[in-house]
1. Out of 247, 215, 254, 222, report the one residue that is surrounded by fewer than 17 Cβ atoms within 10 Å (Cβ to Cβ) and at pLDDT 95 or above.
2. Search the stretch 264-274 for residues being farther than 20 Å from residue 91 by Cβ and within 22 Å of the chain's Cα centre (by Cα), and hand back the single one that is modelled with the highest pLDDT.
3. Scan the stretch 246-262 and report the pairs whose first residue is farther than 23 Å from residue 211 by Cα and whose second residue is modelled with pLDDT under 95 and part of a loop (DSSP other than H, G, I, E, B), with Cβ atoms within less than 7 Å and a gap of 6+ or a chain change.
4. Being part of a strand (DSSP E or B), hydrophobic (A, V, I, L, M, F, W, C) and either more than 18 Å from the chain's Cα centre (by Cα) or crowded, with 22+ Cβ neighbours inside 10 Å (or both) narrows it down to one of 118, 106, so name that one.
5. Tell me, yes or no, whether the stretch 82-101 has at least one residue that is in contact with a strand residue (DSSP E or B) (Cβ under 9 Å, 6 or more places away or on another chain) and part of a helix (DSSP H, G or I).
6. Kindly check whether there is at least one residue in the stretch 128-149 that is outside any helix (DSSP H, G or I), hydroxyl-bearing (Ser, Thr, Tyr) and either crowded, with 17+ Cβ neighbours inside 10 Å or within 22 Å of the chain's Cα centre (by Cα) (or both).
7. Can you tell me how many residues in the stretch 132-154 are in contact (Cβ under 8 Å) with a residue 24 or more places away in the chain and more than 29 Å from residue 257 (Cα to Cα)?
8. Among the candidates 194, 183, 229, which residue alone is surrounded by 23 or more Cβ atoms within 10 Å (Cβ to Cβ) and in contact (Cβ under 8 Å) with a residue 24 or more places away in the chain?
Amino acid sequence: MKLINLLLSLFLATTTTFAANVGADFDEIHELLRKNLAGVADTELEQAAIQGLINQLHPLVSVVTNAGAVTNPTPLATTSVLEGAYAYFRFNQIIHDVDKEFGAALKRIAATNKLKGLVLDLRFTEGDDYSAAAALADPFLPARQPMIDWGEGLKHSTTKTESQPSTLNPQLPIAILVNTQTRGAAEAFAAILRRSDIGLLLGDNSSGQAYVTRDFTLKSPDPSGRRARVLRIATTPVKIAGGGPIDRKGLTPDIKIQIPLADERAFLQDPYRPLPRLAAGGPMSANPTSTNLTSAAGTNRTSRRRLNEAELVRMQREGIDLDSEFLPGRDSGPLRPPVITDPVLARAIDLLKGLSVVNRRTF
């Protein structure tokens, strides 16, 4: 009963939905069910009550069996240059030293490429290190300003001076990719950049799970009896300067693009993969047929096909050297770069192209 009361107190403090539907007197309902519900033992009733509270409170409350396990210790999953001018970074987790790894990767790419924009891919990215989120966001901010508070006081970005400027080019447009699996410190990082007008969000709503959590080891193990179970409770909401806590509905993208998570995972492995067939229930099949998926870093693949009149006009308009598009040989078809089919990433590149043109114009 102590655990039930703990969960109930947390629930009543964070939402009124449950109380409005069934009444606030949990003990009264529990006692009536215990005395009158046929065929249900007291232990079953308590288990149902606990499970119901956890389900109602999710994601503020969860039971896990692998607390503290690090599934992917590398902050960056992929870095590459798309279409010769747009640096792409996909993050695994927002963890300690992510800012250093990102900074080193960006420096390497910028040394050999004239960049026109950045893509920060936070789809399926999580983490609970909010100091790492602040450190990663700091170089993006051109001056000292408030960023984030995760219960330890409001953290500010560092002061930038002429002798110590930001390591990032403030003129570079930035696209930030998010989805329903963007959570925790990744959400906080995206929120800092968006609320500071540093970048635009594309994709689906984030998870709305930016909280500091506390773990309580339960006495009862998991059903196998081999692993301890942990009750994870969100104790402190993470607040973003200028906007307060991140809404439980998540961050709302500036450009919303919804695709099934299974398709999105496949596109992360290969953003050039053939598009899945159209499904009756939505824009894409929920279970696409995957063929020869490769790493997203493999951007040097090419395909031969003949140019039509419209493509020739486009290439001339964009200043593409037509001679360089052809290779000698039996087939006179052009050697052309592959086309990005990941809907979210393709839209991001289109956006960055437009913004880079606007930045170059003199009004």
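The values are calculated or read from the model by the stated rules, or taken from the named source; none is laboratory data. As the structure is a computational prediction, the values presented were derived from the model and not from experiment. As a convention, Cβ positions derive from the backbone with ideal geometry for all residues, glycine included, and neighbour counts pool all protein chains shown.
1. Selected residue: 254, the only one of 247, 215, 254, 222 that is surrounded by fewer than 17 Cβ atoms within 10 Å (Cβ to Cβ) and at pLDDT 95 or above.
2. In this case the residue turns out to be 272.
3. Pairs found: 259/283; 259/284; 260/284; 260/286; 262/286; 262/287; 262/288.
4. When all the criteria are applied, what remains is 118.
5. yes
6. no
7. Matching residues across the stretch 132-154 total 7.
8. 183
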